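Structure first, commentary second.
The values are calculated or read from the model by the stated rules, or taken from the named source; none is laboratory data. Just so it is clear, the model here is predicted, and its values are computed rather than measured. Note: ideal-geometry Cβ built from the backbone for every residue, glycine included; neighbour counts use all protein chains shown. The accessibility values were calculated without ligands, DNA or RNA, using every heavy atom of the protein model including side chains. Shrake-Rupley method; radii C 1.70, N 1.55, O 1.52, S 1.80 Å.
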Amino acid sequence: MKTIQEQIAIARKAQEEINNYTQEQVDEMCLSVGWEVYNDENIAKLAKMAVEETSFGNVESKITKHKRKVGGVLHDIIGAKSVGCIDRDEKSGISKYAKPVGVICAILPATNPTATCGGKAIGMLKCRNAVIFKPSSKAQNCTTETVRMMREGLRRVGAPEDLLQIVEDGSREGVAALMKASDLVVATGSGALVRAAYSSGTPAYGVGQGNAVPIVAEDADIDEAAKLICSSKLFDYATSCSSENAVVVVKDVYEQFMEKMKQNGCFLVSGEDRETLKNHMWKVNAKGKLALNSDVIAKSAQYIAEGAGILIPDWTHIILVEGTQPIAEDKFHDEKISPVLTIYKAENFMDAYRILTELTTLVGPGHSCGIHTFKKEYIEFLGEHMKSSRITVRQSMSAGNGGHPFNRMPSTATLGCGTWGGNITTENVHWRHFMNVTWVNEPVEPWSLSDEEIWGDFWKKYSK
(Lines give C-alpha, C1' and ligand atoms only; values in the text may rest on other atoms or scores of the structure.)
Protein backbone atom coordinates (compact mmCIF):
# COMPACT_ATOMS: atom_id res chain seq x y z
CA MET A 1 0.00 0.00 0.00
CA LYS A 2 1.34 3.41 -0.99
CA THR A 3 1.49 6.07 1.68
CA ILE A 4 -0.32 9.38 1.28
CA GLN A 5 3.02 11.10 0.73
CA GLU A 6 3.90 8.64 -2.05
CA GLN A 7 0.55 9.11 -3.79
CA ILE A 8 0.83 12.90 -3.57
CA ALA A 9 4.35 12.73 -5.08
CA ILE A 10 3.10 10.52 -7.92
CA ALA A 11 0.18 12.90 -8.55
CA ARG A 12 2.47 15.95 -8.62
CA LYS A 13 4.79 14.28 -11.12
CA ALA A 14 1.83 13.40 -13.37
CA GLN A 15 0.42 16.91 -13.10
CA GLU A 16 3.77 18.47 -14.04
CA GLU A 17 3.77 16.36 -17.21
CA ILE A 18 0.58 18.02 -18.45
CA ASN A 19 1.31 21.48 -17.08
CA ASN A 20 2.32 22.68 -20.54
CA TYR A 21 -0.35 20.82 -22.50
CA THR A 22 -2.02 22.82 -25.24
CA GLN A 23 -5.76 23.41 -25.17
CA GLU A 24 -6.12 20.82 -27.92
CA GLN A 25 -4.28 18.20 -25.86
CA VAL A 26 -6.34 18.98 -22.77
CA ASP A 27 -9.62 18.72 -24.64
CA GLU A 28 -8.61 15.45 -26.29
CA MET A 29 -7.70 14.04 -22.88
CA CYS A 30 -11.08 15.07 -21.44
CA LEU A 31 -12.99 13.53 -24.34
CA SER A 32 -11.07 10.27 -24.02
CA VAL A 33 -11.66 10.04 -20.29
CA GLY A 34 -15.27 11.13 -20.69
CA TRP A 35 -16.01 8.38 -23.17
CA GLU A 36 -15.01 5.74 -20.62
CA VAL A 37 -17.75 6.87 -18.23
CA TYR A 38 -20.31 7.70 -20.91
CA ASN A 39 -20.38 4.71 -23.27
CA ASP A 40 -23.27 2.30 -22.74
CA GLU A 41 -21.27 -0.82 -21.93
CA ASN A 42 -19.16 0.77 -19.23
CA ILE A 43 -21.89 2.71 -17.47
CA ALA A 44 -24.20 -0.32 -17.41
CA LYS A 45 -21.44 -2.17 -15.57
CA LEU A 46 -20.77 0.71 -13.18
CA ALA A 47 -24.45 1.27 -12.40
CA LYS A 48 -24.94 -2.41 -11.61
CA MET A 49 -21.82 -2.47 -9.42
CA ALA A 50 -22.91 0.67 -7.56
CA VAL A 51 -26.37 -0.67 -6.70
CA GLU A 52 -25.06 -4.11 -5.69
CA GLU A 53 -22.30 -2.67 -3.51
CA THR A 54 -24.16 0.18 -1.82
CA SER A 55 -27.78 -1.06 -2.06
CA PHE A 56 -28.71 2.56 -2.87
CA GLY A 57 -30.86 3.55 -5.84
CA ASN A 58 -31.54 1.59 -9.01
CA VAL A 59 -29.55 0.67 -12.09
CA GLU A 60 -31.72 2.43 -14.69
CA SER A 61 -31.50 5.78 -12.92
CA LYS A 62 -27.75 5.49 -12.37
CA ILE A 63 -27.24 4.87 -16.10
CA THR A 64 -29.29 7.99 -16.84
CA LYS A 65 -27.27 9.88 -14.24
CA HIS A 66 -24.02 9.00 -16.03
CA LYS A 67 -25.40 10.24 -19.33
CA ARG A 68 -26.74 13.41 -17.72
CA LYS A 69 -23.82 14.32 -15.45
CA VAL A 70 -20.91 13.27 -17.65
CA GLY A 71 -22.62 14.54 -20.79
CA GLY A 72 -23.45 17.81 -19.03
CA VAL A 73 -19.86 18.45 -17.98
CA LEU A 74 -18.62 17.67 -21.49
CA HIS A 75 -21.20 20.06 -22.93
CA ASP A 76 -20.00 22.79 -20.57
CA ILE A 77 -16.29 22.39 -21.37
CA ILE A 78 -16.39 21.98 -25.14
CA GLY A 79 -14.86 25.09 -26.68
CA ALA A 80 -14.14 26.63 -23.27
CA LYS A 81 -10.68 28.06 -22.62
CA SER A 82 -8.67 26.64 -19.73
CA VAL A 83 -5.12 27.05 -21.04
CA GLY A 84 -3.14 30.26 -21.49
CA CYS A 85 -4.96 33.55 -21.98
CA ILE A 86 -8.64 32.91 -21.37
CA ASP A 87 -9.85 36.51 -21.46
CA ARG A 88 -8.55 39.86 -22.74
CA ASP A 89 -10.24 43.26 -22.33
CA GLU A 90 -8.48 45.96 -24.37
CA LYS A 91 -10.45 48.76 -22.73
CA SER A 92 -9.42 47.84 -19.18
CA GLY A 93 -6.01 46.45 -20.09
CA ILE A 94 -6.81 43.28 -18.13
CA SER A 95 -5.77 39.84 -19.38
CA LYS A 96 -6.52 36.60 -17.52
CA TYR A 97 -4.36 33.48 -17.67
CA ALA A 98 -5.50 30.06 -16.48
CA LYS A 99 -3.25 27.95 -14.27
CA PRO A 100 -3.81 24.53 -12.67
CA VAL A 101 -4.66 24.22 -9.00
CA GLY A 102 -2.33 21.22 -8.71
CA VAL A 103 -3.42 18.10 -6.82
CA ILE A 104 -7.08 17.89 -5.79
CA CYS A 105 -8.54 15.63 -3.12
CA ALA A 106 -12.08 14.70 -4.21
CA ILE A 107 -14.27 13.02 -1.59
CA LEU A 108 -17.22 11.10 -3.01
CA PRO A 109 -20.65 10.04 -1.65
CA ALA A 110 -22.01 6.49 -1.48
CA THR A 111 -25.31 7.62 -2.97
CA ASN A 112 -23.71 8.64 -6.28
CA PRO A 113 -20.27 7.01 -6.38
CA THR A 114 -19.56 6.59 -10.09
CA ALA A 115 -21.21 9.42 -12.06
CA THR A 116 -19.97 12.00 -9.55
CA CYS A 117 -16.48 10.55 -9.86
CA GLY A 118 -16.61 10.76 -13.66
CA GLY A 119 -18.03 14.27 -13.83
CA LYS A 120 -15.51 15.63 -11.35
CA ALA A 121 -12.57 13.98 -13.08
CA ILE A 122 -13.42 15.59 -16.43
CA GLY A 123 -13.85 19.08 -14.95
CA MET A 124 -10.63 18.81 -12.96
CA LEU A 125 -8.60 17.47 -15.89
CA LYS A 126 -9.95 20.31 -18.05
CA CYS A 127 -7.89 22.65 -15.85
CA ARG A 128 -4.77 20.38 -15.95
CA ASN A 129 -5.02 19.03 -12.43
CA ALA A 130 -4.30 15.66 -10.88
CA VAL A 131 -6.98 14.10 -8.66
CA ILE A 132 -6.86 11.63 -5.78
CA PHE A 133 -10.34 10.29 -5.05
CA LYS A 134 -11.56 9.18 -1.65
CA PRO A 135 -14.52 6.85 -2.22
CA SER A 136 -17.15 6.14 0.38
CA SER A 137 -16.30 3.00 2.34
CA LYS A 138 -19.62 1.64 1.05
CA ALA A 139 -18.63 2.20 -2.60
CA GLN A 140 -14.94 1.30 -2.76
CA ASN A 141 -15.17 -1.26 -5.55
CA CYS A 142 -17.44 0.60 -7.97
CA THR A 143 -15.51 3.87 -7.59
CA THR A 144 -12.19 2.06 -8.05
CA GLU A 145 -13.54 0.50 -11.25
CA THR A 146 -14.66 3.94 -12.45
CA VAL A 147 -11.15 5.32 -11.98
CA ARG A 148 -9.63 2.25 -13.67
CA MET A 149 -11.78 2.89 -16.74
CA MET A 150 -10.85 6.57 -16.83
CA ARG A 151 -7.16 5.73 -16.54
CA GLU A 152 -7.60 3.69 -19.72
CA GLY A 153 -8.90 6.87 -21.34
CA LEU A 154 -5.75 8.71 -20.24
CA ARG A 155 -3.56 5.91 -21.59
CA ARG A 156 -5.31 6.06 -24.97
CA VAL A 157 -4.11 9.61 -25.63
CA GLY A 158 -0.69 9.25 -24.01
CA ALA A 159 -1.53 11.21 -20.87
CA PRO A 160 -0.11 10.02 -17.52
CA GLU A 161 -2.49 7.56 -15.88
CA ASP A 162 -1.54 8.76 -12.42
CA LEU A 163 -3.46 11.97 -12.99
CA LEU A 164 -6.34 9.95 -11.51
CA GLN A 165 -5.83 7.81 -8.41
CA ILE A 166 -7.81 6.18 -5.61
CA VAL A 167 -6.46 6.86 -2.13
CA GLU A 168 -4.94 3.66 -0.77
CA ASP A 169 -4.88 4.64 2.91
CA GLY A 170 -8.56 5.31 3.49
CA SER A 171 -8.29 5.49 7.27
CA ARG A 172 -9.43 8.62 9.07
CA GLU A 173 -5.80 9.58 9.63
CA GLY A 174 -4.94 8.87 6.00
CA VAL A 175 -7.77 10.98 4.64
CA ALA A 176 -6.86 13.82 7.01
CA ALA A 177 -3.26 13.65 5.72
CA LEU A 178 -4.49 13.59 2.10
CA MET A 179 -6.65 16.68 2.60
CA LYS A 180 -3.79 18.51 4.30
CA ALA A 181 -1.24 17.63 1.59
CA SER A 182 -3.51 18.47 -1.38
CA ASP A 183 -3.88 21.89 -2.97
CA LEU A 184 -7.69 21.82 -2.94
CA VAL A 185 -10.37 19.64 -1.33
CA VAL A 186 -13.76 19.09 -2.98
CA ALA A 187 -16.05 17.31 -0.52
CA THR A 188 -19.43 15.88 -1.48
CA GLY A 189 -21.09 14.05 1.38
CA SER A 190 -22.21 14.40 4.98
CA GLY A 191 -22.01 17.55 7.06
CA ALA A 192 -19.28 15.98 9.24
CA LEU A 193 -17.20 15.23 6.15
CA VAL A 194 -17.55 18.78 4.84
CA ARG A 195 -16.60 20.21 8.23
CA ALA A 196 -13.50 17.99 8.24
CA ALA A 197 -12.57 19.34 4.80
CA TYR A 198 -12.95 22.93 5.99
CA SER A 199 -10.84 22.13 9.06
CA SER A 200 -8.00 20.55 7.07
CA GLY A 201 -6.13 23.81 6.53
CA THR A 202 -6.46 23.36 2.74
CA PRO A 203 -8.81 25.49 0.61
CA ALA A 204 -12.03 23.52 0.22
CA TYR A 205 -15.35 23.46 -1.56
CA GLY A 206 -18.07 21.68 0.36
CA VAL A 207 -21.82 21.32 0.15
CA GLY A 208 -24.61 21.97 2.61
CA GLN A 209 -27.42 19.64 3.53
CA GLY A 210 -30.08 19.18 0.89
CA ASN A 211 -33.80 19.60 1.47
CA ALA A 212 -35.32 20.71 -1.80
CA VAL A 213 -38.87 22.03 -1.41
CA PRO A 214 -41.10 23.46 -4.17
CA ILE A 215 -44.32 25.45 -3.96
CA VAL A 216 -47.27 24.52 -6.17
CA ALA A 217 -49.13 27.79 -6.71
CA GLU A 218 -52.81 28.22 -7.60
CA ASP A 219 -52.01 28.98 -11.27
CA ALA A 220 -49.71 25.98 -11.80
CA ASP A 221 -50.19 23.39 -14.51
CA ILE A 222 -51.16 20.76 -11.95
CA ASP A 223 -50.76 17.78 -14.26
CA GLU A 224 -47.25 18.88 -15.28
CA ALA A 225 -46.24 19.79 -11.73
CA ALA A 226 -47.25 16.37 -10.39
CA LYS A 227 -45.41 14.54 -13.16
CA LEU A 228 -42.23 16.57 -12.68
CA ILE A 229 -42.24 16.22 -8.90
CA CYS A 230 -42.89 12.47 -9.04
CA SER A 231 -40.25 11.77 -11.68
CA SER A 232 -37.76 13.79 -9.66
CA LYS A 233 -38.59 12.16 -6.33
CA LEU A 234 -38.54 8.66 -7.78
CA PHE A 235 -35.28 9.09 -9.71
CA ASP A 236 -32.68 6.74 -8.23
CA TYR A 237 -34.96 6.41 -5.19
CA ALA A 238 -34.18 10.00 -4.11
CA THR A 239 -30.40 9.68 -3.72
CA SER A 240 -29.95 13.23 -5.02
CA CYS A 241 -29.70 16.05 -2.48
CA SER A 242 -31.98 17.94 -4.89
CA SER A 243 -34.75 15.37 -4.73
CA GLU A 244 -37.93 17.02 -3.43
CA ASN A 245 -38.17 16.33 0.30
CA ALA A 246 -41.50 18.11 0.76
CA VAL A 247 -44.02 20.01 -1.36
CA VAL A 248 -46.11 23.02 -0.31
CA VAL A 249 -49.42 23.26 -2.17
CA VAL A 250 -51.84 26.19 -2.14
CA LYS A 251 -55.23 24.98 -0.89
CA ASP A 252 -57.15 26.09 -4.01
CA VAL A 253 -55.45 23.30 -6.01
CA TYR A 254 -54.63 20.89 -3.16
CA GLU A 255 -57.26 18.22 -3.86
CA GLN A 256 -56.60 18.34 -7.59
CA PHE A 257 -52.87 18.02 -6.98
CA MET A 258 -53.29 15.04 -4.65
CA GLU A 259 -55.42 13.27 -7.25
CA LYS A 260 -52.77 13.83 -9.90
CA MET A 261 -50.11 12.52 -7.51
CA LYS A 262 -52.15 9.35 -7.07
CA GLN A 263 -52.31 8.96 -10.84
CA ASN A 264 -48.49 9.12 -10.84
CA GLY A 265 -48.09 6.24 -8.39
CA CYS A 266 -48.32 8.03 -5.03
CA PHE A 267 -50.17 6.62 -2.03
CA LEU A 268 -51.11 8.65 1.05
CA VAL A 269 -50.30 6.98 4.39
CA SER A 270 -52.27 8.31 7.37
CA GLY A 271 -53.45 7.50 10.88
CA GLU A 272 -51.69 4.66 12.72
CA ASP A 273 -49.76 3.70 9.59
CA ARG A 274 -48.25 7.19 9.47
CA GLU A 275 -46.98 6.78 13.05
CA THR A 276 -45.67 3.29 12.30
CA LEU A 277 -43.86 4.58 9.23
CA LYS A 278 -42.31 7.43 11.23
CA ASN A 279 -41.04 5.03 13.90
CA HIS A 280 -39.44 2.89 11.20
CA MET A 281 -37.83 5.78 9.35
CA TRP A 282 -36.17 7.37 12.36
CA LYS A 283 -34.47 5.25 15.02
CA VAL A 284 -32.08 5.86 17.88
CA ASN A 285 -28.56 5.20 16.59
CA ALA A 286 -25.42 3.90 18.32
CA LYS A 287 -24.70 7.42 19.59
CA GLY A 288 -28.07 7.60 21.29
CA LYS A 289 -29.48 10.12 18.80
CA LEU A 290 -32.67 9.86 16.76
CA ALA A 291 -31.48 9.57 13.16
CA LEU A 292 -32.68 8.47 9.75
CA ASN A 293 -32.73 4.68 9.53
CA SER A 294 -30.05 3.67 7.01
CA ASP A 295 -32.30 0.82 5.87
CA VAL A 296 -34.72 3.26 4.22
CA ILE A 297 -32.15 5.39 2.39
CA ALA A 298 -32.55 5.18 -1.39
CA LYS A 299 -34.82 2.13 -1.21
CA SER A 300 -38.10 1.54 -3.05
CA ALA A 301 -41.44 2.48 -1.53
CA GLN A 302 -42.44 -1.18 -1.39
CA TYR A 303 -39.24 -2.10 0.47
CA ILE A 304 -39.76 0.72 2.99
CA ALA A 305 -43.40 -0.20 3.59
CA GLU A 306 -42.54 -3.86 4.10
CA GLY A 307 -39.80 -2.91 6.57
CA ALA A 308 -42.23 -0.70 8.46
CA GLY A 309 -44.91 -3.37 8.49
CA ILE A 310 -47.57 -1.33 6.70
CA LEU A 311 -49.59 -2.24 3.63
CA ILE A 312 -49.54 -0.10 0.50
CA PRO A 313 -50.97 -0.90 -2.96
CA ASP A 314 -48.76 -2.75 -5.42
CA TRP A 315 -48.83 0.25 -7.77
CA THR A 316 -47.25 2.58 -5.18
CA HIS A 317 -43.93 4.14 -6.19
CA ILE A 318 -43.94 7.08 -3.76
CA ILE A 319 -45.32 7.21 -0.21
CA LEU A 320 -47.04 10.47 0.73
CA VAL A 321 -47.66 11.84 4.21
CA GLU A 322 -49.42 15.08 5.05
CA GLY A 323 -47.29 17.46 7.07
CA THR A 324 -48.57 18.85 10.34
CA GLN A 325 -47.83 22.06 12.21
CA PRO A 326 -45.94 23.21 14.20
CA ILE A 327 -43.56 22.00 11.52
CA ALA A 328 -40.56 21.41 13.79
CA GLU A 329 -42.60 19.07 16.03
CA ASP A 330 -43.42 16.68 13.18
CA LYS A 331 -40.47 14.45 12.24
CA PHE A 332 -41.66 14.15 8.65
CA HIS A 333 -40.31 17.66 7.99
CA ASP A 334 -36.82 16.16 8.16
CA GLU A 335 -34.61 14.92 5.32
CA LYS A 336 -35.70 11.46 4.14
CA ILE A 337 -33.44 10.49 1.16
CA SER A 338 -36.10 8.03 0.02
CA PRO A 339 -39.32 8.01 -2.04
CA VAL A 340 -41.29 9.32 0.94
CA LEU A 341 -42.69 12.80 0.35
CA THR A 342 -44.32 15.22 2.82
CA ILE A 343 -47.16 17.41 1.54
CA TYR A 344 -48.16 20.69 3.22
CA LYS A 345 -51.36 22.63 2.52
CA ALA A 346 -51.02 26.44 2.45
CA GLU A 347 -53.74 29.07 2.57
CA ASN A 348 -52.18 31.13 -0.23
CA PHE A 349 -48.80 32.02 -1.73
CA MET A 350 -47.59 34.02 1.28
CA ASP A 351 -48.52 31.19 3.64
CA ALA A 352 -46.71 28.79 1.29
CA TYR A 353 -43.66 31.07 1.48
CA ARG A 354 -43.85 30.95 5.30
CA ILE A 355 -43.91 27.14 5.31
CA LEU A 356 -41.16 26.95 2.69
CA THR A 357 -38.95 29.29 4.70
CA GLU A 358 -39.42 27.30 7.90
CA LEU A 359 -38.75 23.98 6.19
CA THR A 360 -35.54 25.08 4.49
CA THR A 361 -34.32 26.82 7.64
CA LEU A 362 -34.83 23.67 9.71
CA VAL A 363 -33.22 21.32 7.21
CA GLY A 364 -31.19 22.51 4.25
CA PRO A 365 -30.53 26.24 4.67
CA GLY A 366 -29.12 27.77 1.51
CA HIS A 367 -29.58 24.71 -0.69
CA SER A 368 -32.57 25.12 -2.99
CA CYS A 369 -36.26 25.62 -3.41
CA GLY A 370 -38.62 25.61 -6.36
CA ILE A 371 -41.95 26.82 -7.60
CA HIS A 372 -44.54 25.69 -10.11
CA THR A 373 -46.17 28.91 -11.31
CA PHE A 374 -46.40 31.23 -14.28
CA LYS A 375 -46.72 34.34 -12.13
CA LYS A 376 -43.63 36.48 -12.49
CA GLU A 377 -44.35 38.27 -9.23
CA TYR A 378 -44.14 34.97 -7.29
CA ILE A 379 -40.85 34.03 -8.95
CA GLU A 380 -39.37 37.47 -8.30
CA PHE A 381 -40.55 37.43 -4.69
CA LEU A 382 -38.73 34.18 -4.01
CA GLY A 383 -35.67 35.48 -5.86
CA GLU A 384 -35.58 38.54 -3.63
CA HIS A 385 -36.44 36.93 -0.29
CA MET A 386 -35.46 33.24 -0.14
CA LYS A 387 -32.12 32.37 1.45
CA SER A 388 -31.57 29.67 -1.16
CA SER A 389 -28.75 29.29 -3.65
CA ARG A 390 -31.00 27.89 -6.36
CA ILE A 391 -34.65 28.56 -7.20
CA THR A 392 -35.89 26.13 -9.81
CA VAL A 393 -39.00 27.14 -11.76
CA ARG A 394 -41.39 24.60 -13.33
CA GLN A 395 -38.75 21.88 -13.42
CA SER A 396 -37.73 18.60 -11.87
CA MET A 397 -35.43 19.73 -9.07
CA SER A 398 -33.21 16.63 -8.97
CA ALA A 399 -32.41 17.24 -12.63
CA GLY A 400 -32.58 21.02 -12.85
CA ASN A 401 -30.47 22.08 -9.87
CA GLY A 402 -27.29 20.42 -11.08
CA GLY A 403 -27.62 21.41 -14.73
CA HIS A 404 -29.73 19.89 -17.49
CA PRO A 405 -30.40 20.51 -21.21
CA PHE A 406 -33.67 22.25 -20.24
CA ASN A 407 -31.80 24.98 -18.32
CA ARG A 408 -28.35 26.57 -18.29
CA MET A 409 -27.20 25.77 -14.77
CA PRO A 410 -23.55 24.60 -14.70
CA SER A 411 -23.42 20.81 -14.65
CA THR A 412 -22.27 19.39 -11.32
CA ALA A 413 -23.08 17.11 -8.41
CA THR A 414 -21.62 19.57 -5.88
CA LEU A 415 -24.08 22.31 -4.97
CA GLY A 416 -22.74 25.18 -2.88
CA CYS A 417 -25.16 26.55 -0.27
CA GLY A 418 -23.41 29.82 0.61
CA THR A 419 -22.88 31.06 4.14
CA TRP A 420 -26.48 30.02 4.90
CA GLY A 421 -25.39 26.38 4.61
CA GLY A 422 -21.85 26.85 5.91
CA ASN A 423 -20.24 26.95 2.45
CA ILE A 424 -17.94 29.43 0.75
CA THR A 425 -20.03 29.76 -2.42
CA THR A 426 -23.65 29.69 -3.56
CA GLU A 427 -22.62 28.46 -7.01
CA ASN A 428 -22.77 25.05 -8.60
CA VAL A 429 -19.16 23.95 -8.06
CA HIS A 430 -18.01 23.08 -11.58
CA TRP A 431 -14.93 23.05 -13.78
CA ARG A 432 -14.26 26.80 -13.55
CA HIS A 433 -13.68 26.41 -9.80
CA PHE A 434 -10.73 24.08 -10.46
CA MET A 435 -8.30 26.64 -11.88
CA ASN A 436 -6.22 29.51 -10.60
CA VAL A 437 -6.37 32.70 -12.66
CA THR A 438 -3.58 35.23 -13.03
CA TRP A 439 -4.71 38.81 -13.73
CA VAL A 440 -2.28 40.80 -15.89
CA ASN A 441 -2.96 44.54 -15.82
CA GLU A 442 -1.43 46.98 -18.30
CA PRO A 443 -1.56 50.78 -18.07
CA VAL A 444 -4.51 52.49 -19.74
CA GLU A 445 -5.94 56.01 -19.76
CA PRO A 446 -6.30 56.93 -16.06
CA TRP A 447 -9.77 57.40 -14.65
CA SER A 448 -10.58 60.47 -12.61
CA LEU A 449 -13.39 61.23 -10.22
CA SER A 450 -13.70 64.51 -8.34
CA ASP A 451 -14.97 64.92 -4.79
CA GLU A 452 -17.96 66.75 -6.24
CA GLU A 453 -18.82 63.77 -8.46
CA ILE A 454 -18.60 61.38 -5.52
CA TRP A 455 -20.31 63.37 -2.75
CA GLY A 456 -22.12 66.18 -4.52
CA ASP A 457 -25.66 64.80 -4.21
CA PHE A 458 -24.89 63.49 -0.73
CA TRP A 459 -23.73 66.92 0.45
CA LYS A 460 -26.78 68.60 -1.01
CA LYS A 461 -29.08 66.19 0.88
CA TYR A 462 -27.38 66.30 4.28
CA SER A 463 -25.81 69.79 4.47
CA LYS A 464 -29.13 71.52 5.07
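Please go through segment 345-372 and pick out each residue that is surrounded by 24 or more Cβ atoms within 10 Å (Cβ to Cβ) and more than 27 Å from Ile304 (Cα to Cα). Of everything in segment 345-372, those that are surrounded by 24 or more Cβ atoms within 10 Å (Cβ to Cβ) and more than 27 Å from Ile304 (Cα to Cα) turn out to be Ala352, Gly366, Ile371, His372.
Does segment 322-347 hold any residues that are among the aliphatic types (A, V, I, L, M), out of contact with any His (no Cβ under 8 Å at 6 or more places or on another chain) and not in a strand (DSSP E or B), and which are they?
Initially, segment 322-347 is screened for residues among the aliphatic types (A, V, I, L, M), giving 327-328, 337, 340-341, 343, 346.
Those left that are additionally out of contact with any His (no Cβ under 8 Å at 6 or more places or on another chain): 328, 337, 340-341, 343, 346.
Listed by number, the residues that qualify are Ala328, Ile337.
Among residues of segment 410-464 being more than 30 Å from Tyr198 (Cβ to Cβ), of a type outside the set (Gly, Ala, Ser) and part of a loop (DSSP other than H, G, I, E, B), the one that is modelled with the lowest pLDDT is Lys464.
Let's see how each residue does on (1) in contact with a Leu (Cβ under 7 Å, 6 or more places away or on another chain); (2) closer than 19 Å to Ser61 by Cβ; (3) open to solvent by 60 Å² or more (accessible area, probe 1.4 Å); (4) of a type in the set (Lys, Arg):
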| position | (1), (2), (3), (4) |
| --- | --- |
| Ala238 | no, yes, no, no |
| Asn245 | no, yes, no, no |
| Val248 | yes, no, no, no |
| Val269 | yes, no, no, no |
| Thr276 | no, no, no, no |
| Ile327 | yes, no, no, no |
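Name the residue, out of Ile355, Ile304, Ile319, that is assigned to a helix (DSSP H, G or I), within 26 Å of the chain's Cα centre (by Cα) and over 30 Å from His385 (Cα atoms). I'd like the intermediate steps shown before the answer.
Values: Ile355 fails: over 30 Å from His385 (Cα atoms); Ile319 fails: assigned to a helix (DSSP H, G or I).
Of the residues listed, the single one that is assigned to a helix (DSSP H, G or I), within 26 Å of the chain's Cα centre (by Cα) and over 30 Å from His385 (Cα atoms) is Ile304.
Counting only residues that are over 19 Å from Arg128 (Cα atoms), part of a helix (DSSP H, G or I), charged (D, E, K, R) and in contact (Cβ under 8 Å) with a residue 40 or more places away in the chain, segment 140-194 holds 1 of them. Close Cβ contacts (under 6 Å, 6 or more residues apart or on different chains) running from residues in segment 313-329 that are without any contact (Cβ under 8 Å) to a residue 40 or more places away in the chain to residues that are open to solvent by less than 70 Å² (accessible area, probe 1.4 Å) and assigned to a loop (DSSP other than H, G, I, E, B) comprise Thr324/Asp330.
Between Thr116, Thr111, which is assigned to a loop (DSSP other than H, G, I, E, B), open to solvent by less than 50 Å² (accessible area, probe 1.4 Å) and touching a residue at least 12 places away in the same chain (Cβ under 8 Å)? Quick ask: steps written out before the conclusion?
Numbers: Thr116 fails: assigned to a loop (DSSP other than H, G, I, E, B).
Criteria check complete, one pass: Thr111.
When Thr342, Thr438 are checked against the criterion of being surrounded by fewer than 20 Cβ atoms within 10 Å (Cβ to Cβ) and in contact with a strand residue (DSSP E or B) (Cβ under 7 Å, 6 or more places away or on another chain), Thr438 stands alone in meeting it.
Picking from residues in segment 191-214 that are under 12 Å from the mean Cα position of the chain (by Cα) and small (Gly, Ala, Ser), the one that is surrounded by the most Cβ atoms within 10 Å (Cβ to Cβ) is Ala212.
Here's the yes/no breakdown for (1) under 17 Å from His372 (Cα atoms); (2) among the hydrophobic types (A, V, I, L, M, F, W, C); (3) at pLDDT 95 or above:
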| position | (1), (2), (3) |
| --- | --- |
| Ile215 | yes, yes, yes |
| Ala220 | yes, yes, yes |
| Asp236 | no, no, yes |
| Val253 | yes, yes, yes |
| Gln263 | no, no, yes |
| Cys266 | no, yes, yes |
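Entry remark, segment 50-71: residues being of a type in the set (Gly, Ala, Ser), in a helix (DSSP H, G or I) and crowded, with 24+ Cβ neighbours inside 10 Å number 1 in total.
When the residues of segment 85-95 are filtered to those that are open to solvent by less than 50 Å² (accessible area, probe 1.4 Å) and part of a strand (DSSP E or B), the one that is farthest from Ala121 (Cα to Cα) is Ile94.
Polar (S, T, N, Q) and modelled with pLDDT under 95: does that describe Thr202?
Spelling it out, it is not the case that Thr202 is polar (S, T, N, Q) and modelled with pLDDT under 95.
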